[in-house]
Amino acid sequence: MTTPDRQGDRAVERACAQAVAAADWLAGTDPQRRAAVLTALADAVDAAADELVPIARAESALPTARLTGEVARTSGQLRLFAEVVRDGACFEVTVDTARPDLAPPRPDLRRWLVGLGPVAVFGASNFPFAFSTLGNDTASALAAGCPVVVKTHPGHPRLTAATVAVARRALAEVAPEGVADGIVTAVGPDVETGVALVRDDRIEAVGFTGSARGGLALQRIAQDRPRPIPFYGELGSINPVFVTRAAAAARPREIAAGFVGSYTLGAGQYCTKPGLLVVPRGSGMRGAVVEAVAGVGAQAMLNPGVRAGFLAGLDHRLALPGVEVLLPGGVDPETAAVAPSLVAVPIGLTADVPDLLEECFGPTSLLVEYEDEAELADLARRLPGVLTATVAGEVGEPVLAELLPLLEARAGRVLWNGWPTGVAVTWSMQHGGPFPSATTALHTSVGAAAVRRFLRPVTWQGFPQDLLPEALRDANPWRLPRRVDGVLRLP
Ligand code: NAP
């Protein structure tokens with residue numbers, strides 16, 4: 001519990017009490033009712049787009065078209081989780097019927113997944129809708145039956161308040177009085193309030209999207225509580241792109257244009273931005289990339305804080321010995337727009353200076369040239385955990401047999417002749433990877449499987465039917481897919 005001596009602490013106190021008041025109702029909703037909650041939020045976000053987008057526009061430098069697209073993505077995510085809940089496989093219902101004839105006799109065992117309880121959600125500045133108040137962490141927590149307390153991001157506080165108001169109006173239509181206001185609330189935006197939220201004993205898990213620095217600081221707080229809780233941090237990543245010699249020979253300009261489009265998209269402010277391009281020396285790729293970047297204009301960054309952080313990171317990189325500046329970038333003194341930059345380093349330097357393989361959030365990337373394709377595998381072995389790893393290649397190249405398993409070992413998503421920016425919200429999407437791209441490699445924050453983070457397993461042993469949760473009864477009133485005595489049964 002927090003001491004209510006600060007306004008932020010009082011807000012945490014109120015929000016956690018409201019979340020607890022909503023928790024039992026939400027956890028007890030059947031799939032149809034829970035899906036109705038998610039669908040009501042999706043419809044409300046869509047209906048409020050004209051109100052919300054201008055607020056987001058005023059608080060960030062993101063263009064209207066991008067924000068409108070993000071609203072659609074956000075409602076799409078909520079609808080996907082409604083489908084996930086209705087489908088019911090996410091509850092992993094498993095029944096082993098009693099076998100008194102066995103020695104020793106086997107009791108009746110019924111296992112399923114239940115929500116953890118109130119979840120704290122920290123969104124990132126670069127997605128004020130899709131990774132924020134009603135974003136994927138919130139949608140997946142609600143799908144698990146968990147109320148959410150959002151830590152307001154200082155990059156979009158008015159938008160967070162307006163989104164919560166929209167959510168409350170919608171929830172009042174589908175949830176009982178006294179419950180609706182606690183399903184999604186927000187506190188903050190100051191740092192201390194976020195810390196108080198994670199420390200509050202009523203919070204059962206944290207979903208975080210943001211920087212490694214912030215994520216690791218909050219993870220420590222979650223772990224240092226008297227009762228530690230799961231912390232799911234989706235952090236940044238270098239997202240390497242490996243270009244084979246055959247691909248570079250076949251289509252250098254196409255690959256260069258695709259890479260430049262991807263790393264400069266949205267002023268490089270995507271966690272999936274390709275921050276490392278590995279190309280064969282003497283292939284013409286380097287020249288093609290420089291030429292393609294030279295045609296990209298300066299772009300506004302999200303806010304002055306993100307711009308300052310980017311420029312400091314870039315200065316650090318440019319000051320490293322051995323770094324060759326291919327395009328310096330720079331800031332327009334009148335508009336503060338930032339031009340894309342590109343630097344090259346000898347491949348060996350990435351071994352000596354591990355900083356080079358860390359995310360630099362903004363419009364810059366690193367180009368590395370190799371002589372021998374064996375160097376691709378050497379570099380892949382040294383990669384930190386990444387959200388994505390991309391290969392631009394040609395079918396049948398011998399180098400792929402060694403390279404692809406190495407990339408699978410390091411990345412959450414491995415791409416073939418594509419670009420990592422743009423994350424489809426689907427059943428099979430994986431967004432998250434080995435540390436440091438995420439605090440745990442076991443989960444995803446995007447796509448249907450994200451719900452698993454906020455569910456925990458419980459087995460009921462030996463209960464009569466009418467004392468079991470409805471989901472576990474033989475009559476299967478929730479019509480859930482189940483594994484009964486080892487055999488998968490669909491409703
Ligand atoms: P950020 O600075 O880490 O902020 C995220 C949230 O955490 C904010 O509410 C922030 O509040 C809070 N926070 C940060 N440090 C904290 C600390 N030490 N103690 C308590 N709270 C703290 O991240 P951002 O700049 O908004 O987002 C950009 C980053 O997000 C990039 O690195 C990008 O790659 C990453 N990102 C990752 C994904 C993904 O899915 N993997 C998606 C989008 C973005 P304060 O600002 O008040 O500190």
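The values are calculated or read from the model by the stated rules, or taken from the named source; none is laboratory data. These numbers come from a predicted model, not from an experiment. Here the Cβ is made from the backbone with ideal geometry for all residues, glycine too, and neighbour counts use every protein chain on show. Heads up: the accessible areas ignore ligands, DNA and RNA and are worked out on the full protein's heavy atoms, side chains in. Shrake-Rupley method; radii C 1.70, N 1.55, O 1.52, S 1.80 Å.
The residues of the range 148-193 that are of a type in the set (S, T, N, Q), more than 14 Å from A22 (Cβ to Cβ) and either away from the ligand (no atom under 16 Å from the Cβ) or not in a helix (DSSP H, G or I) (or both) amount to a single one, T152.
Would you check if A162 is of a type in the set (G, A, S) and touching a residue at least 24 places away in the same chain (Cβ under 8 Å)? So A162 fits the description; yes. All of S262, S237 fail the test of being near the ligand (Cβ under 10 Å from one of its atoms) and of a type in the set (S, T, Y), apart from S237. Out of the range 122-143, which residues are more than 25 Å from A89 (Cα to Cα) and either in a loop (DSSP other than H, G, I, E, B) or away from the ligand (no atom under 12 Å from the Cβ) (or both)? Selection gives G123, A124, S125, N126, F127, P128, F129, S132, T133.
Looking only at the range 200-215, residues that are within 11 Å of the ligand (Cβ to nearest atom) and surrounded by 17 or more Cβ atoms within 10 Å (Cβ to Cβ) come to 9 in all. The set of residues in the range 269-314 being among the basic types (K, R) and surrounded by fewer than 23 Cβ atoms within 10 Å (Cβ to Cβ) consists of R281, R286, R307. All conditions in (1) out of contact with any Gly (no Cβ under 7 Å at 6 or more places or on another chain); (2) in a loop (DSSP other than H, G, I, E, B); (3) surrounded by 14 or more Cβ atoms within 10 Å (Cβ to Cβ) hold for A450, with the sole exception of (2). Within the range 223-257, the set of residues being touching a helix residue (DSSP H, G or I) at 6+ places or on another chain (Cβ under 9 Å) and over 22 Å from E373 (Cα atoms) comprises D224, R225, P228, I229, P230, F231, Y232, G233, E234, L235, G236, A257. With respect to G88, is the statement that it is of a type in the set (G, A, S) and either at pLDDT below 95 or on the phi > 0 side of the Ramachandran plot (or both) true? So G88 fits the description; yes.
Yes/no matrix, rows are residues, columns are (1) within 26 Å of G178 (Cα to Cα); (2) in contact with a Leu (Cβ under 8 Å, 6 or more places away or on another chain):
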site	(1), (2)
G8	yes, no
A58	no, no
R66	no, no
V71	no, yes
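Looking across G145, G194, one residue alone is within 21 Å of L26 (Cβ to Cβ), open to solvent by less than 20 Å² (accessible area, probe 1.4 Å) and among the small types (G, A, S). It is G145. Looking across W427, W419, one residue alone is of a type in the set (A, V, I, L, M, F, W, C), under 30 Å from L265 (Cβ atoms) and out of contact with any Phe, Trp or Tyr (no Cβ under 8 Å at 6 or more places or on another chain). It is W427. Residues in the range 216-229 that are open to solvent by 70 Å² or more (accessible area, probe 1.4 Å) and within 10 Å of the ligand (Cβ to nearest atom): R220 alone.
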